There are 2 protein chains.
Amino acid sequence: MTTPLRIGLLVFPDMTQLDMTGPLQVFSAVPDVEIHLLWKTLEPVRTDSVMRINPTTTIESCPQLDVICVPGGYGTDALLGDRDILDFLTRQGASARYITSVCTGALVLGAAGLLDGYEAVTHWTAMDVLGDLGAIPVQDRVVIDRNRVTGGGVTAGIDFALTLVAEIFDRATAEGVQLRLEYVPHPPFDAGSPHTAPPEVLAGYQARIGPAKRRRAEAVSRAAARLAAAASDQ
Amino acid sequence: MTTPLRIGLLVFPDMTQLDMTGPLQVFSAVPDVEIHLLWKTLEPVRTDSVMRINPTTTIESCPQLDVICVPGGYGTDALLGDRDILDFLTRQGASARYITSVCTGALVLGAAGLLDGYEAVTHWTAMDVLGDLGAIPVQDRVVIDRNRVTGGGVTAGIDFALTLVAEIFDRATAEGVQLRLEYVPHPPFDAGSPHTAPPEVLAGYQARIGPAKRRRAEAVSRAAARLAAAASDQ
């Protein structure tokens, strides 16, 4: 491990910004870390909100990372077939101390061949396809399997990052960050999971994301076929 | 209220980005909203992390907002004496449907004269000075007093935004957003409040923020004096 600890968070078009900005806030509160926001170029990257994110480092110029983290969002569909990004992750993953994701970022790790035989979690709407990329889906807020640490959907990124900080540094460091971020969550409703959301809310959301789920299933299917072809070539 | 609902989130140097990016993610998941990230210029704004945020709209060109939201961070000290920003908030506040803040953004609303006689909350480390700016400090995750809606520190922004969406639209809309963001928080530790953090974690954090607290107290004191002078001029 280098000192300071080098953390790289991927940013990409149509990402869900909170998947990244939650962990970023946690990591930024830890002393002795060096954080990179990574993309192919340094041009601002559009997200699923009006906020465009400025990468700090290109994947080409990125030093070896201690922690690589892939956030999620609809933009992951394109990454699942993006050779430059998948090669970058595979290369970094060979020496990184922790290989991590939030939300549907787990699918990208899977497409890069980095979750083969590892337990992992993703956004609840993507759990059904995670296994197609070699991972063993486990429904939990944060899943640790050896040096793979994956978080569930979007807001799970905060729980994920605090867990990772405790794992890498120590519990008191993570608790200090939690105190600073006043992380005593108190959701006004209990609708954050398909098991607790009112049936009509769940049905409405599922109807709205139907087309996106179909596009994702196709992207995962193509990525799985490429993984299988690569395996049979060896 | 305009259609779509116009929401403006202030961005400013040395802000705590999650104070803004949490609510931004919630608001972005609601149909029929128009979101502005506001600052004096459109140049990227540095935050307390490596991420620089691109404003979308200058305060000069900003249309009348339905919701104005001021996030927090160490950069609020400078805003407490920033005539351009305080005037902008006072002007927008005269007609906005909701005047809101996250974290120490409440101090900025107070310095703009917008919390006089209103119950409000801020980051737990700033509750002791909130009353100096005319607000009535109430310790809660989210505080609603007429059309003022304030959230506690940093991560409270997510609870704040879901609460506000339910208030403006309806509960089912907020629940749909909560489901999409998989907001079933599960902090790995119970250290998010000074009442639950281990004593040594609390003491360590308080020692680290001592200088910042003193700078904030001075900035609040100057803002309070200006408010008093302005009141006696009338």
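The values are calculated or read from the model by the stated rules, or taken from the named source; none is laboratory data. Since this is a predicted model, take the numbers as computed values, not measurements. In this analysis, Cβ positions are derived from the backbone assuming ideal geometry, glycine residues included, and neighbour counts consider all displayed protein chains. We work out accessible area using only protein heavy atoms, side chains counted, and drop any ligands, DNA or RNA first. Shrake-Rupley method; radii C 1.70, N 1.55, O 1.52, S 1.80 Å.
Over region A:5-233, the ratio between the Cα radius of gyration and 2.2 N^0.38 Å evaluates to 0.97. This model, with +1 at the C-beta of Lys and Arg and -1 at the C-beta of Asp and Glu, gives region A:5-233 a dipole about its Cα centre of some 380 debye. Each other copy holds its own label point for residue A:40; taking that point as 7 Å from Cα along Cα to Cβ, the gaps run 3.8 nm, nearest first. Using a Gaussian network model on chain A with a 10 Å cutoff between Cα atoms, which of A:60, A:175, A:200 fluctuates the most? Evaluated over chain A, the most mobile residue of the options is A:200.
Between copies, the label points of residue B:147, set 7 Å from Cα on the Cα→Cβ line, lie 5.6 nm apart, reported in increasing order to one decimal in nanometres.
Provide the gained length on full extension for the span residue B:222 to residue B:147, in nm with one decimal, where the gain is 0.36 nm per separating residue minus the Cα-Cα distance. Walk me through the numbers before you get to the answer.
Values: separation 75, 0.36 × 75 = 27.00 nm, distance 2.65 nm.
Between residue B:222 and residue B:147, full extension yields an extra 24.4 nm.
Let a ≥ b ≥ c be the square roots of the eigenvalues of the Cα gyration tensor of region B:125-182; is it rounded (a/c under 1.5), or, if not, prolate (a/b larger than b/c) or oblate? Write down the numbers at each step before the final one.
Values: a/c = 4.28, a/b = 1.95, b/c = 2.19.
Oblate, since a/c reaches 1.5 and b/c is not below a/b.
Atom-type composition of the exposed protein surface of the protein assembly as shown places 50 percent of the accessible area on carbon and sulfur (1.4 angstrom probe).
Applying the criteria of a DSSP loop state and at most 14 other Cβ atoms within 10 Å to the chymotrypsin sites (Phe, Trp or Tyr not before Pro) of region A:173-234 yields no site. Between B:29, B:212, B:96, the residue with the greatest mean-square fluctuation in the GNM of chain B (Cα pairs under 10 Å linked by springs) is B:212.
Projecting the Cα atoms of A:45, B:121, A:225 onto the charge dipole of the protein assembly as shown (Cβ charges, centred on the Cα centre) puts A:45 farthest toward the positive pole.
Within the listed set B:17, B:178, B:92, the Gaussian network model of chain B (springs between alpha-carbon atoms below 10 Å) gives the highest mean-square fluctuation for B:178.
Where Lys and Arg each count +1 and Asp and Glu each count -1, what net charge lies around residue A:117 among other residues with Cβ under 12 Å from its Cβ? List each step's numbers first, then the result.
On the way: positive: A:146, A:148; negative: A:116, A:119, A:145.
Counting the neighbours of residue A:117, the net charge comes to -1.
Quick one: buried accessible area between A and B, total over both chains, 1.4 angstrom probe, nearest 100 Å²? Intermediate values should be presented prior to the final figure.
Working: alone 11360 and 11380 Å², together 17440 Å².
Summing both chains' loss of accessible area gives about 5300 Å².
Across the identical copies, the 7 Å label point of residue B:211, projected outward along Cα→Cβ, sits 5.4 nm from its counterparts, in ascending order. Placing one equal scatterer on every Cα of the protein assembly as shown and applying the Debye formula, the log10 ratio I(q)/I(0) at q = 0.08 Å⁻¹ is -0.44. By the Stokes-Einstein formula, at 1.306 mPa s and 10 °C, region B:1-140 with its Kirkwood radius over alpha-carbon pairs has D equal to 106 µm²/s.
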